[in-house]
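What follows is a single structure, written as structure tokens, with notes after it.
The values are calculated or read from the model by the stated rules, or taken from the named source; none is laboratory data. Here the structure is a predicted model, which is why all the values come from computation and not from measurement. FYI the Cβ positions are ideal-geometry reconstructions off the backbone, even for glycines, and counts take in every protein chain you see. Just so you know, the surface numbers come from the protein's heavy atoms only, side chains and all, with ligands and any DNA or RNA stripped out. Shrake-Rupley method; radii C 1.70, N 1.55, O 1.52, S 1.80 Å.
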Amino acid sequence: MANEEIPKKYDWKESENKWKEYWEKEGVYKFDPKANGDMYAIDTPPPTVSGKMHIGHAFSYSQQDFMVRFNRMKGKNIFYPFGTDDNGLATERLIEKMKKVKSTRMERKDFVKLCLETLDEIRPQYIADWKHLGISCDFSIFYTTINEHCQRISQKSFIELYKMGREYQKEAPTMWCPECRTAIAQVELQDQETPSTFNHIIFKLDDGKELIIATTRPELLPACVSIFAHPDDKRYKKLFGKNARVPIFGHEVPIMASQKADPEKGTGILMCCTFGDQDDIEHYKEFNLPLKIAITKDGRMSEIAGKYKDMPIKDARKAIIEDLKNEGLLLKQEQIKHTVNVHERCGTEIEILETKQWFIKYLDLKDEFKRIGREMNWHPPHMRHRYDNWIDGLRWDWCISRQRHFGVPFPVWYCKKCGEVAVADESQLPVDPLADKPKKACAKCKSNDFEPEKDVLDTWATSSLTPQLATELFKNNPVYKKIYPMSLRPQAHDIITFWLFNTVVKNYLHYKSRPWNDIAISGWALDPHGKKMSKSKGNVVEPQAVWQKYPVDALRFWAGGSKLGDDMPYQEKDLVTGVKTITKLWNAARFAFMHLGDYDPVKHADIDLEAYDKALISKLNRMVKSCTESFENYEYSKTKMETEKFFWQDLCDYYLEVSKDRLYNPDKRGENARRSAQHALYRAILTTVKLLAPIMPYITEEIYHTFFKKHEKKKSIHLSGWPSYDENLADENAEILGKIADFTVEHVRRAKSEQNISLKEPVKRVVVEAKISEEDFEKIKEDIKGVTHAEEIVFEAIKPESKKDMECTIDI
RNA sequence: GGGCUCGUAGUCUAGUGGCUAUGACGUCUGCUUGACGUGCAGGAGGUCACCGGUUCGAAUCCGGUCGGGCCCACCA
């Protein structure tokens, strides 16, 4: 391109649209199953299609993309699929709202169909945000966690684990959300601090004596089945074996001893209800207590609550407290704050109900899961502790059935005659038992009369299969074997216990192997004050609004500023810095090419370099080495920092200024001096742009095409190869000379600044003292003279034994 | 209560034993330097949370204290 055609300003909006389209049209990120090079396969997190991309997504997806782009430039064969997560409650709610329907009033098949159709409509717009962010996925390797492909894999997984004996169905106390009316798993619990009242309630003994029990949940009184105190508690020892009468409800319950009772807590004596908490379940099992259910699946009082029947839990609590007061059975009330478990989707306090559910048995495998955890490389390493910590705290088998309408159906029927479980045949997957029939008669009694399972699978039972959902798209291709285990699982730290752990579980159960080699855990984007963003606080920043105002590259540049795993405050000023860097890159490249003229990197490859240029190339070469190492270690922020510093300080502030004399005045300095500068400029700008390409894909592509493509010939900078370290370019001596030159320039600049005079003003005399030979100094003398506009430069050698290394005196 | 993690100029941040503690933003003073004023040059600004220890030497290692964050547990 001729100089006059190069625009003075970089138009980022135009550039973004142009390259986004070009990358797609040219298949720059297309996976090639036949390509050479080591495989680098990414288990891309499928974002929930029912939401909008938020700044946290922009943050963490940018970070994973840096690493992918680096590996692509390194020549690896990139398998980078994209999926959307549209399974589960979030989608169900969205479709109900959008289409004004109630899923429960529709046939499951019809509702699922409506979901799939609606999702197909809204998905392209949603994915467009990810494309705009510059994520270099091959978007044609695509799955949605609810489509037929995924349903088939998910159901197949269920069938396999069932046949292995890892899945069982059981009537058991289960965590239940009365709002969503479904069983949930331990991982879906969330803590919430809630104000509550500690009620001291009077129970009567046979002999008329009173027993004071403190509880926050008096509505569970009808479900009270026993009373416990610590075996050594002197206050209650004599009561063991006796009965107490439950106030209002009047039934008698035994008073027993339990190690779990804490004499220090409350009144030291507690009531056991079926069920209020974990301990109740354990007491229920240990003492073989009766089952009294006070709460129904929709969060109301059951029949045993008598006159409180059908009341919502909280109303019943109030009414019972009122009645206790009236009967003089409420001794006192204390206001307390305590944390309760709520359902993470809806914030409703969970209940423990006895229901029939499907479970994956895995508590016996804790050590194996931890072993697999140690087999993988965690970045940063300490994130593995969260994983171990979670496994240590696991107390429930994985409940995988949900009493919902939308999701992957259980491929299961029950024989009406004998109750035997019939699982679907693999050939009929995906299957909906509500509409389809088993292929064979009942294995036990040969009956053909079946009852379908209505429940759907937990959404995590499917999303824990993302390595399979993606790789099985290439099941019939020889490359299939090379993709698994995948190279990388990138994700944020909040779902280590959900997605990451569950994926390890499924992959272990199916293959006894780890799903990935590396794990990269991103942090969160925080508000400018380091606080978590949330809609209720009103401090949410939308990436769509950001890239209206700033280039996407600037947003990614910000995301590249934090170490992997660290949270990062979002500050608009960081975007401004990004914009400045983009402008500076554009201008520096423009400057370089204004002066490159007929320079040809191939034809002029054997140029005899000037000392100052050798210094630059040597430094650049060292930087390539350390940037590569940083990237290989997932430390993209180090690469960014180092490159940025080199570019801004070494290259722009010093090199470009020093080289001007040679570029503008070839008559004075000679043809070789000019060619040498051209060579250094070409290499330095190209290398810098390549090092920043993973972080800022748009501006670097623009610069590559505008200036370098005619020489470099690759169709994209992102396929142009990562710069390689060349030992032969290391030149320690040249770097020392470079340092002396820069030191001198700095001193002259300071002297001029102190005198408030322009940098282009000449100075009379500069005396440089350094520990080099006169001969070596001659190699940089003209460069120093050119940039400082010194009329006279005098050199004095410092003796090797002297303490100081260099000195500079200026005579203005 | 347990695990992990962090505490560095007004703000964000680099730095895991060794020159005068890094960079950016902000601030102050200059400079219309033939790429860029979205720029250039220069300056001011820090008891590296606190206490103690190891060491010739500590922001960095060890112990403790205080404070923030995340996860888990408890929820009588």
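Structure summary
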quantity: Heavy-atom surface of chain A, accessible at 1.4 Å and reported per residue (Å²); calculated: 45 Å²
quantity: Rg/Rg_ref, the range A:709-751, where Rg_ref = 2.2 N^0.38 Å and atoms are Cα; calculated: 1.93
quantity: Too-long pairs where the Cα-Cα distance tops 23 Å, listed order kept, from A:Lys102/A:Lys170; A:Lys20/A:Lys715; A:Lys30/A:Lys690; A:Lys660/A:Lys781; A:Lys580/A:Lys690; calculated: A:Lys102/A:Lys170
quantity: Coil-residue GluC sites (Glu not before Pro) of the range A:285-358, DSSP, other Cβ within 10 Å capped at 13; calculated: A:Glu327
quantity: Dipole moment magnitude, nearest 20 debye, the range A:18-80 about Cα centre, only Lys, Arg, Asp, Glu C-beta charged; calculated: 140 debye
quantity: Selection from A:Gly597, A:Met67, A:Gln403 lying farthest towards where the dipole of chain A points positive, charges on Cβ; calculated: A:Gln403
quantity: Descending principal axes extents, the range A:1-105, alpha-carbon based, whole Å; calculated: 67, 39, 25
quantity: Over 30 Å (Cα to Cα) - which of A:Lys614/A:Lys710; A:Lys18/A:Lys475; A:Lys625/A:Lys714; A:Lys99/A:Lys549 fall in this group; calculated: A:Lys18/A:Lys475; A:Lys99/A:Lys549
quantity: 12 Å beta-carbon shell around A:Leu220, net charge (K/R +1, D/E -1); calculated: -1
quantity: Cα shape, the range A:607-654, gyration tensor, a/c 1.5 rule; calculated: oblate
quantity: Cα-derived Rg to Rh of the range A:671-812, Kirkwood definition; calculated: 1.09
quantity: √(5λ) per eigenvalue of the Cα gyration tensor, the range A:334-467, largest first, Å; calculated: 35, 22, 14
quantity: DSSP-loop GluC sites (Glu not before Pro) across the range A:92-152, with at most 15 other Cβ within 10 angstrom; calculated: A:Glu107
quantity: Cα principal axis extents for chain A, largest first, Å; calculated: 114, 63, 47
quantity: Alpha carbon convex hull of the range A:447-527, projected area averaged over orientations, nm²; calculated: 8.9 nm²
quantity: Geometric extent, Cα atoms of the range A:47-186 - Rg, Dmax (angstrom); calculated: 18.5, 55
quantity: Residue-level accessible surface for A:Met301, protein heavy atoms, 1.4 Å, Å²; calculated: 0 Å²
quantity: Carbon/sulfur fraction of accessible area - chain A, other protein chains in place, 1.4 Å, %; calculated: 47 percent
quantity: Rounded to the nearest 20 debye, dipole of the range A:84-153 from Cβ charges on Lys, Arg, Asp, Glu; calculated: 360 debye
quantity: Between the range A:643-708 and the range A:429-465, the alpha-carbon center distance in angstrom; calculated: 66 Å
quantity: Kirkwood hydrodynamic radius of the range A:30-73, Cα pairs, Å; calculated: 12.4 Å
quantity: Degrees between helix A:572-596 axis and first principal axis of chain A (Cα, 0 to 90, nearest 10); calculated: 30 degrees
quantity: For chain A, Cys with no neighbouring Cys Cβ under 4.7 Å; calculated: A:Cys115, A:Cys137, A:Cys150, A:Cys224, A:Cys272, A:Cys273, A:Cys346, A:Cys399, A:Cys627, A:Cys652, A:Cys808
quantity: Exposure rank, largest accessible area first [A:Cys180, A:Cys346; 1.4 Å]; calculated: A:Cys346, A:Cys180
quantity: Rounded to whole Hz, the Karplus (6.51, -1.76, 1.60) HN-Hα couplings of the range A:739-749, x for glycine and proline; calculated: 5, 5, 4, 5, 4, 5, 4, 4, 5, 5, 4
quantity: Given charges at beta-carbon only (K, R positive; D, E negative), |dipole| of chain A in Debye; calculated: 2180 debye
